[in-house]
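The values are calculated or read from the model by the stated rules, or taken from the named source; none is laboratory data. Quick caveat: nothing in here was measured; it's all calculated off a predicted structure. Here Cβ is always computed from backbone atoms with ideal geometry, including for glycine, and neighbour counts include all displayed protein chains.
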Amino acid sequence: MFIEERHQEILRILTEKGRISNSEIQEKFQVSYDSAKRDLRLLEEQGLLKRTHGGAIPARQIGSNVIKNLSPDERVAEVKGNYLAIAKEAVKTIEENDVVYITNASVGYLIAKNMGEVCCTVVTNSISIAEELRKKEKITVILAGGEMQANGCFYDSFALSLINRLRFDKCFVTSACVSAKFGLSIQKSRSVELTNAVINNSKAAYGLYPVEKIGFDSVISICPANKLKVIITDTETSEEDLTSFEELGIKIKIAE
């Protein structure tokens, strides 16, 4: 098999499965480990994939408007297992009497689902997250409301006014992408101002980023990456990406 044919087959597997490992390439094509790594490096240089720790994932694609209009609990069905691992790692950092902000993204809903009976105050701009936390007796919930969007969340001046009146021990945020150079980025501008207010009003900002979101740039920059104190990611994130964030003074937590 010619190298071009092998590369086409690697891309076909990526499209079909959503990821491929170095060991899978070695076994399927009977090539060395170095050859497998070189194949992925060459394809990444062409912008056709993104290398990870031990393999690759497809190049980042802009999300659909259908997904954007789903509420956090509705989006969970579309989420992979690494999101759950990241959410559980975030839950471990919440301490008694903390005041925390939880992102309206699907990973935020997974945090709410997995919170125990720790005594704390949670602020969110998502109805579905607030409803999930309503069932937990020791958790005080503050809903940053206003004009509701189709996804059951609030981003307008009413929500922003409340956020600006609050101070958080920790905030848990995410976005479409994050990179060391372009920072946190997103496709739509509606949450930019609110996300910045949350981060600026927090003692510690935690970025929740699975490998699929790391090292990519979306359309609109929210803020520099070093506004985050910690990034929680999964085991597939490449050492190169992790090092680029650590050089900015960001602590890395790996969700197993």
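General remarks:
- Within the range 197-211, being crowded, with 24+ Cβ neighbours inside 10 Å and not aliphatic (A, V, I, L, M) holds for Tyr206, Gly207, Tyr209.
- In the range 231-256, the residues that are among the small types (Gly, Ala, Ser) and surrounded by 19 or more Cβ atoms within 10 Å (Cβ to Cβ): Ala255
- Residues being touching a residue at least 24 places away in the same chain (Cβ under 8 Å), surrounded by 15 or more Cβ atoms within 10 Å (Cβ to Cβ) and polar (S, T, N, Q) - total across the range 19-46: 2
- Filtering Leu228, Leu194 for residues that are buried (at least 17 other Cβ atoms within 10 Å of the Cβ), closer than 17 Å to Asn104 by Cα and not polar (S, T, N, Q) leaves a single hit, Leu194.
- Just one of (1) within 17 Å of the chain's Cα centre (by Cα); (2) at pLDDT 95 or above fails for Val122. It is (1).
- Number of positions in the range 130-159 that are surrounded by 16 or more Cβ atoms within 10 Å (Cβ to Cβ) and touching a Cys at 6+ places or on another chain (Cβ under 7 Å): 1
- Between Lys113, Lys135, Lys92, Lys88, the distinction of being of a type in the set (D, E, K, R) and touching a residue at least 40 places away in the same chain (Cβ under 8 Å) belongs to Lys88 only.
- All positions within the range 49-88 that are among the β-branched types (Val, Ile, Thr) and modelled with pLDDT under 75: Ile62, Val66, Ile67, Val76, Val79
- Test: residue in the range 41-48 that is in a loop (DSSP other than H, G, I, E, B) and on the phi > 0 side of the Ramachandran plot: yes
- Checking each residue in the range 140-162 for being outside any loop (DSSP other than H, G, I, E, B) and within 24 Å of the chain's Cα centre (by Cα) picks out Val141, Ile142, Leu143, Met148, Cys153, Phe154, Ala159, Leu160.
- Of Val141, Val123, all but one fail to be under 14 Å from Tyr109 (Cα atoms), touching a helix residue (DSSP H, G or I) at 6+ places or on another chain (Cβ under 7 Å) and of a type outside the set (D, E, K, R); the exception is Val141.
Residue by residue, here is whether (1) polar (S, T, N, Q); (2) assigned to a helix (DSSP H, G or I); (3) touching a helix residue (DSSP H, G or I) at 6+ places or on another chain (Cβ under 7 Å) holds:
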{"residue": "Tyr83", "(1), (2), (3)": "no, yes, yes"}
{"residue": "Lys88", "(1), (2), (3)": "no, yes, yes"}
{"residue": "Asn104", "(1), (2), (3)": "yes, no, yes"}
{"residue": "Tyr109", "(1), (2), (3)": "no, yes, yes"}
{"residue": "Gly116", "(1), (2), (3)": "no, no, no"}
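- Filter result for Ala205 (small (Gly, Ala, Ser) and in contact with a Ser or Thr (Cβ under 9 Å, 6 or more places away or on another chain)): no
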